[in-house]
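A short worksheet on the structure shown next.
The values are calculated or read from the model by the stated rules, or taken from the named source; none is laboratory data. From a predicted model like this one, the values you see are computed outputs, not experimental measurements. Don't worry about glycine lacking a Cβ; one is built from the backbone with ideal geometry, like all the others, and counts go over all protein chains shown. Keep in mind that these areas ignore ligands, DNA and RNA; they rest on the heavy atoms of the full protein, side chains included. Shrake-Rupley method; radii C 1.70, N 1.55, O 1.52, S 1.80 Å.
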Amino acid sequence: MLKVFKYTLLDLTRNRFVLGYALLMLVIAQGLFMLEDDPFKALLSLVQVVMALVPLIALVFTVVYMYDIQEFTQLLAVQPIARRAILGGQLLAMAAALLLAQAVGLGLPLLVHLPSKASFILSVSGSGLVLVFAALGALIALRQREKARGVGIALVVWLLLVIVYDALLMWGMFAFSDYPIEPFVVPVAGLNPIDLARIMVMLEIDLAAMMGYSGAIYRNFFGSTMGMVAAAAIMLMWVVVPTWSGFRAFRRKDL
Amino acid sequence: MAEARITCTGLSKRYDKLWALRGVDCTFSRGEVVMLVGPNASGKTTLIKCLLALVHPTEGRIHLDGTTIDARGPVPHPGYRERIGYMPQISQFPASLSIRQLLEMMADIRGGAEGGAEDSLVEELGLTAQLDKRLSTLSGGTKQKVSAVLALRMRPDILVMDEPTAGLDPVSAKRVLSRAAAVRDAGGTVLITSHLMEEVESLADRVAYLEDGHLRFLLPVSEILERTGVSRLSQALPRMLEANARPMSYAG
């Protein structure tokens, strides 16, 4: 697995998509910090960008790359190595390349302009999102034979988790506003990895105070050790379940 | 009859509603070249992909040097592919690696047992000067040459080539095929798919004809010519098909 990882990563270090991602994040992050006088305001804007852009890029990149290396995967699959080693190496390399690009594009400006715990939480949450959406992207590519359809499904998944999920949640809160539903909103929001990442950063910036009763509930739950553990477990589940399903699909996949 | 190395029994493969292979029974032996021929989408590539466990059979089984690939059985241990060389129909490699890096990588992945970029076939196929070129910049023919090197350099006992000369210049094609013949002469089993009858005539010990996923016949070249009473395979094959209008499974 380590050999597949090593050579796939070597290929990815010169991949234009990965380099472009690093550059794009660097330009956005640096631009926001330069435009805003208050670095915390820049951080807030950056949170919104990260929560929308990171899942999209991780998903689309993973899906496209998995299709692009299909013939090469076939070549590896006729060597005396197990398929789990091939997929494991490729997934690790893709995740590592994206994380490296993000460390340069997002981590570096955060470290230079706002070295704080909030920046650290944003970096960690962003990294978590990379892993979650890379795993989802790989699963889509492994389950769907056609590239165009795979990319289409990836975009639908992104739309569902970034926009539709929140829209439905807000509609529910509005429709049942006469009832004390906010305690139920916390776990439902927490099930979406993007919302979960956003909540963790918001709590650290203390923006939860401006969110009224919901913010207080978030703080009570996710601010505790138990809440942090639950958040990490949910994030981990979002990585483990698609990855495990991907390995199952790849074991007997016709190449 | 030479010792059987690969035996397919009732081998079938279905992709959704399409049967790519239907009940194929055949045996491939040591020290022979079997050319797989037939129209497009007749099941040639699916048959060799089944042997390599790239696709999983829907029914039937394959015995290959003590390893069983069974439609209902577990995935075989990858170790059985140690002595198999495979040259696919389409060669695509990681775009940003050079030929040298690719060759080193494959040697590394296979445990470094076979030659590196200094391999004589690299020189024979005129790849020496291009070793440091990125794979994304290579022409289709050059990629085919790289693919041939990858398949042949580990001195395989079983060599599987899917239309190996498609896109190759005549000199390189001849060199690749002579290497395949050398594998046969060393006691190896060679399976090649081809649409070029001159190629089949020059190299084949036996010919397997597939159509609509059925194995129509698997016979020695001499027997095909004898049965049809002609001297060229290009004339003999249509006559054989007329004579065997119904699909058959023939182990040869």
Point to revise | Extreme residue, farthest from the other protein chains (Cβ to nearest Cβ), among residues of segment B:52-66 that are open to solvent by 30 Å² or more (accessible area, probe 1.4 Å) and not in a loop (DSSP other than H, G, I, E, B) | key: B:His63
Point to revise | Scan of segment B:109-126 for residues that are modelled with pLDDT of 85 or more and either over 22 Å from the mean Cα position of the chain (by Cα) or in the same structural domain as B:Ser172 (by TED's automatic domain parsing) (or both), ordered by number | key: B:Glu123, B:Gly126
Point to revise | Whichever residue in segment A:2-16 is crowded, with 17+ Cβ neighbours inside 10 Å and either of a type in the set (Phe, Trp, Tyr) or more than 9 Å from chain B (Cβ to nearest Cβ) (or both) and, among such residues, is farthest from A:Met202 (Cα to Cα) | key: A:Tyr7
Review point. Looking only at segment B:1-22, which residues are at pLDDT below 90 and either touching a Cys at 6+ places or on another chain (Cβ under 9 Å) or farther than 11 Å from B:Thr58 by Cα (or both)?
Key: B:Met1, B:Ala2, B:Glu3, B:Ala4, B:Arg5, B:Lys17
Review point. If we scan segment B:191-205, do we find a residue that is assigned by TED's automatic domain parsing to the domain that holds B:Ile48, in contact with a helix residue (DSSP H, G or I) (Cβ under 6 Å, 6 or more places away or on another chain), open to solvent by 50 Å² or more (accessible area, probe 1.4 Å) and closer than 24 Å to A:Ile69 by Cβ?
Key: no
Study note, to complete from the structure: Of B:Thr165, B:Thr142, B:Thr137, the only residue that is under 20 Å from B:Val190 (Cβ atoms) and open to solvent by 10 Å² or more (accessible area, probe 1.4 Å) is B:Thr165
Review point. For the subset of segment B:91-106 comprising residues that are part of a helix (DSSP H, G or I) and in contact (Cβ under 8 Å) with a residue 24 or more places away in the chain, which member is surrounded by the fewest Cβ atoms within 10 Å (Cβ to Cβ)?
Key: B:Arg100
Point to revise | Search result, residues across segment B:8-25 that are surrounded by fewer than 24 Cβ atoms within 10 Å (Cβ to Cβ) and closer than 21 Å to B:Glu163 by Cβ | key: B:Tyr15, B:Leu18, B:Ala20
**Study point:** Evaluation of B:Val75 against (1) among the aliphatic types (A, V, I, L, M); (2) in contact with a Ser or Thr (Cβ under 7 Å, 6 or more places away or on another chain); (3) open to solvent by 20 Å² or more (accessible area, probe 1.4 Å) (one fails), failing number
**Key:** (2)
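Here's the yes/no breakdown for (1) more than 24 Å from B:Pro78 (Cβ to Cβ); (2) in contact with a Ser or Thr (Cβ under 9 Å, 6 or more places away or on another chain):
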{"residue": "B:Thr9", "(1), (2)": "no, no"}
{"residue": "B:Lys17", "(1), (2)": "yes, no"}
{"residue": "B:Arg30", "(1), (2)": "no, yes"}
{"residue": "B:Met35", "(1), (2)": "yes, yes"}
{"residue": "B:Leu52", "(1), (2)": "no, no"}
{"residue": "B:Arg61", "(1), (2)": "no, yes"}
Review point. For segment B:110-128, does any single residue satisfy the condition of being farther than 30 Å from B:Gly10 by Cβ, touching a strand residue (DSSP E or B) at 6+ places or on another chain (Cβ under 7 Å), outside any helix (DSSP H, G or I) and more than 10 Å from every other protein chain (Cβ to nearest Cβ)?
Key: no
Exercise for review: Could you tell me whether B:Ser147 is at pLDDT 90 or above, open to solvent by less than 10 Å² (accessible area, probe 1.4 Å), in a helix (DSSP H, G or I) and farther than 23 Å from B:Leu51 by Cα?
Suggested key: no
Check your understanding: In segment B:67-90, what residues are over 17 Å from the mean Cα position of the chain (by Cα), facing another protein chain (nearest Cβ under 7 Å) and not in a loop (DSSP other than H, G, I, E, B)?
Key -> B:Pro78, B:Gly79
